[in-house]
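Undergrad: Here's a structure for you.
The values are calculated or read from the model by the stated rules, or taken from the named source; none is laboratory data. The structure presented is a predicted model; accordingly, all values stated were derived computationally and were not measured. Backbone-built Cβ (ideal geometry, glycine too); neighbour counts: all protein chains shown.
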There are 2 protein chains.
Amino acid sequence: MKTEKKIRIEDYRRADYPIEPLFLERWSPRAMSGEDLTEQDFFMLFEAARWAPSTYNEQEWLFLYARRDTPSWPVFFDLLVEGNRAWCKNAALLVVIVAHKVFNKTGQPNPVHLFDCGNAFENLALQGSSMGLVVHGMQGFDYEKARVVLKVPDDYAVAAMFAAGRPGDPSDLPENLRSREVPTGRKPVRDIICEGAFRKK
Amino acid sequence: MKTEKKIRIEDYRRADYPIEPLFLERWSPRAMSGEDLTEQDFFMLFEAARWAPSTYNEQEWLFLYARRDTPSWPVFFDLLVEGNRAWCKNAALLVVIVAHKVFNKTGQPNPVHLFDCGNAFENLALQGSSMGLVVHGMQGFDYEKARVVLKVPDDYAVAAMFAAGRPGDPSDLPENLRSREVPTGRKPVRDIICEGAFRKK
C-alpha cells in the first residue's frame with residue numbers, strides 16, 4: 001500500500017479572520033480511490049444539500065446521479081471533457097445538477113435558480129469535506145449533450161456537474177494534475193468586496 | 001427590554017442523516033435589531049465567502065455593499081421590493097452580489113458564474129449563522145435598476161442580494177411576517193435526487 005502524503009491545510013492557507021474551520025479545510029482534490037460510497041455516505045451528502053436556502057424555499061435543485069458500476073455511469077462519464085475523465089474514472093459518484101427555471105406556483109422566471117443550486121452544492125461540498133471525502137465541482141462537460149441524454153426538460157437549466165468519492169493516491173494522477181493536487185489560495189478579502197457602486201478590482 | 005422567544009431548531013427541523021449541525025441550524029430570519037456589525041464581524045462574513053470553490057479558482061464574485069447610516073445605504077435600500085423593505089430597514093448590511101460572466105484569461109463565457117456565487121453566499125450564510133447573525137438572501141429587488149445605479153458593467157451579471165445584521169425581536173416585524181419567523185422544512189431527500197435521466201419528482 002502506498003503512503004499518502006497527508007495535506008496539512010495550514011501549509012497552504014491562512015484565514016485573515018477567524019472563521020469556522022470547515023471553510024478553510026474544504027478544497028477540491030482530484031485523486032480518488034475508485035471505491036464506492038456507502039449508502040450512509042451517499043445520503044449524508046444530499047442531506048446536507050437539502051437544507052440549503054432557496055428563494056421562497058423553492059428547492060429548485062434536482063441532482064441527477066450515476067454511481068460507478070451501474071448502467072448510468074458511462075452515460076454520465078461520457079459527458080465529461082477529456083481532462084476531467086482522466087481523474088473522474090476513480091470517482092464513486094457523478095452528478096449533474098439541474099435547476100427549475102420557473103417558480104412552481106406561478107410559472108414566472110426564477111432569477112436565482114442557478115445561484116440557489118450553488119448554495120445547495122456548497123453544503124454538499126462542505127459536508128463531504130468534513131467526512132474526508134472528495135467532492136469536486138465541474139463545468140468541464142457537454143451541457144447540451146447532458147440536456148439531451150439525460151432528457152432535461154426546457155423549464156430546467158443544466159447548472160453544473162460534480163464528482164465525489166473516497167480519497168486516493170495523488171501519485172496515480174496524470175502528471176499535469178499531480179502538482180495541482182494541493183489547496184488553492186484566494187484573493188485578499190478586500191478584492192472581493194466593494195463599497196457602493198461597482199469598481200473593477 | 002423585550003424577552004425574545006428563542007428558536008429551538010429541533011422543534012422545527014430534523015435531519016434524516018447525521019450531517020454537520022451548522023447546516024440544520026442555518027435559517028433565514030428577518031427580525032434584526034438595527035444595530036451595526038463590528039468591523040470584525042463584517043470581515044468574518046466575507047472571509048468565509050472568500051474560500052468557496054469556483055471554476056478554475058476564478059473567484060468571479062464581487063460583493064457590492066452598503067452599511068447602514070452611510071450614503072450608499074438608501075441607494076441599496078431603494079432597490080428592494082416593498083415586502084423586503086419592511087424588515088431590511090433594521091439590517092446592518094445590504095449586499096448586491098455580482099458575477100463576472102466571462103473567464104478573466106480567455107474572455108469566454110463562464111457557465112457557472114451564478115452557481116459559483118451561490119457557493120460563496122452559502123459559506124457567508126453559514127458563517128453568519130454560526131456567529132448568531134441574521135443573513136437572508138433575496139431576489140426581491142429590481143435587477144435592472146441595480147445594474148444602472150450600481151454601474152454594473154455588461155460583462156458582470158447581477159446575481160442576488162442579501163441582508164445581514166444582528167438578530168432582533170420578531171414581534172417588531174409586520175404581522176404577515178411574524179408567523180413566518182421560524183425555520184422552514186424541506187422536501188424529503190429522495191425528492192431532490194434522481195438516478196440517471198431526469199424524472200419529474
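Undergrad: Those residues that are surrounded by 18 or more Cβ atoms within 10 Å (Cβ to Cβ) and aliphatic (A, V, I, L, M), I need them from the stretch B:76-102; list them, please.
TA: B:L79, B:L80, B:A91, B:A92, B:L93, B:L94, B:V95, B:V96, B:I97, B:V98, B:A99 - these are the residues of the stretch B:76-102 that are surrounded by 18 or more Cβ atoms within 10 Å (Cβ to Cβ) and aliphatic (A, V, I, L, M).
Undergrad: If you check every pair at least six apart or on different chains, which have Cβ atoms under 8 Å apart with a residue in the stretch B:38-62 that is over 23 Å from A:H136 (Cα atoms) first and a residue that is charged (D, E, K, R) and part of a strand (DSSP E or B) second?
TA: Here the result reads B:F42/B:R67, each pair linking the stretch B:38-62 to a residue that is charged (D, E, K, R) and part of a strand (DSSP E or B).
Undergrad: Determine if the stretch B:6-26 includes at least one residue that is in contact with a strand residue (DSSP E or B) (Cβ under 9 Å, 6 or more places away or on another chain) and modelled with pLDDT of 95 or more.
TA: Yes, some residue in the stretch B:6-26 is in contact with a strand residue (DSSP E or B) (Cβ under 9 Å, 6 or more places away or on another chain) and modelled with pLDDT of 95 or more.
Undergrad: Next question, about the same structure. Can you pull out the residues in the stretch A:3-54 that are within 11 Å of chain B (Cβ to nearest Cβ), among the aliphatic types (A, V, I, L, M) and crowded, with 17+ Cβ neighbours inside 10 Å?
TA: Residues satisfying the conditions are A:A15, A:I19, A:L22, A:L24, A:M44, A:L45, A:A48, A:A49, A:A52.
Undergrad: Just wondering, is there one or more residues in the stretch B:129-150 that are more than 18 Å from the chain's Cα centre (by Cα) and in a loop (DSSP other than H, G, I, E, B)?
TA: Yes, the conditions are met somewhere in the stretch B:129-150.
Undergrad: Tell me, yes or no, whether the stretch A:47-70 has at least one residue that is among the polar types (S, T, N, Q) and at positive phi.
TA: Scanning the stretch A:47-70, I find at least one residue that is among the polar types (S, T, N, Q) and at positive phi, so the answer is yes.
Undergrad: Got a number for residues in the stretch A:162-201 being more than 7 Å from every other protein chain (Cβ to nearest Cβ) and assigned to a loop (DSSP other than H, G, I, E, B)?
TA: 14
Undergrad: All but one of (1) in contact (Cβ under 8 Å) with a residue 12 or more places away in the chain; (2) more than 30 Å from B:A159 (Cβ to Cβ); (3) within 11 Å of chain B (Cβ to nearest Cβ); (4) not hydrophobic (A, V, I, L, M, F, W, C) hold for A:S72; state the number of the condition that does not hold.
TA: Every condition holds for A:S72 apart from (1).
Undergrad: Please state which of the following conditions A:S130 fails to meet, knowing it meets all the rest: (1) surrounded by 24 or more Cβ atoms within 10 Å (Cβ to Cβ); (2) closer than 25 Å to B:K187 by Cα.
TA: (1)
Undergrad: Right, something else. Would you mind stating whether B:F103 is in contact (Cβ under 8 Å) with a residue 24 or more places away in the chain, within 27 Å of B:P153 (Cβ to Cβ) and within 11 Å of another protein chain (Cβ to nearest Cβ)?
TA: yes
Residue by residue, here is whether (1) in contact with a Phe, Trp or Tyr (Cβ under 6 Å, 6 or more places away or on another chain); (2) closer than 21 Å to B:M44 by Cα; (3) crowded, with 21+ Cβ neighbours inside 10 Å; (4) of a type outside the set (S, T, N, Q) holds:
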position	(1), (2), (3), (4)
A:L126	no, yes, yes, yes
A:V149	no, no, no, yes
A:P153	no, no, no, yes
A:G185	no, yes, no, yes
A:R190	no, yes, no, yes
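Undergrad: Further question: More than 23 Å from A:S54 (Cα to Cα) and at pLDDT below 95, is that true of A:K201?
TA: So A:K201 fits the description; yes.
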